[in-house]
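The values are calculated or read from the model by the stated rules, or taken from the named source; none is laboratory data. All figures in this text were calculated on a predicted structure; none of them were measured in a lab. Counting neighbours? That spans all protein chains shown, and the Cβs are built from the backbone with ideal geometry, glycine included.
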Ligand SMILES: [Zn+2]
Ligand SMILES: [Zn+2]
């Protein structure tokens, strides 16, 4: 899995996201980091949904809907990519779903790539708290990418739903501790099945 971010993301923020992903290394997942550079797109082009997420990474506000992501899923059949991506972005993410609109901490496609939004964390948290939040949301979105496509029902599991967007993300952080063993088993099986 490749962590990708623009130069405006600080080394501390990138390190926090990487810390969130390290729990998956035990299953043999390789982790790497790359800075987004419009002049050198190799980093991006090797990643599933890379070009799409790279285009979005320069936006201040991302308005996404399920349709946008569904269209992208067709292209994967014609253009198989090897590398899972996690895009760490300053942007806010607004999700439109059946006429409803809400803010999200991230978006993910199972067996694809994901993005995590730094904007709500930056405006509400500092230092260690911000680092933990980045790690938790990176782990949550990466968990979806790595085969845990639905949410967990356990209150302290990082894979439980976080539908309230930025209004309740601090409440979510207060409740969750780790990814539970059931969710980790699903993720572990997915990673070991995968050829990458
Ligand atoms: Zn989720
Ligand atoms: Zn769980």
Looking for something assigned to a strand (DSSP E or B) and over 23 Å from residue 12 (Cβ atoms) - is there at least one such residue anywhere in region 134-157? yes
With respect to residue 131, determine if the residue is within 26 Å of residue 11 (Cα to Cα) and either away from ligand 1 (no atom under 12 Å from the Cβ) or over 17 Å from the mean Cα position of the chain (by Cα) (or both). yes
Residue count, region 143-169 (criterion: under 22 Å from residue 124 (Cα atoms), more than 10 Å from ligand 2 (Cβ to nearest atom) and either crowded, with 18+ Cβ neighbours inside 10 Å or at pLDDT 90 or above (or both)): 5
Quick one: count up the residues across region 135-172 that are more than 14 Å from ligand 1 (Cβ to nearest atom) and under 16 Å from the mean Cα position of the chain (by Cα). 2
Meets criteria (part of a helix (DSSP H, G or I), in contact (Cβ under 8 Å) with a residue 60 or more places away in the chain and more than 16 Å from ligand 2 (Cβ to nearest atom)) for residue 123: no
Against the definition (over 17 Å from residue 119 (Cβ atoms), touching a strand residue (DSSP E or B) at 6+ places or on another chain (Cβ under 7 Å) and at pLDDT 95 or above), how does residue 2 come out, yes or no? yes
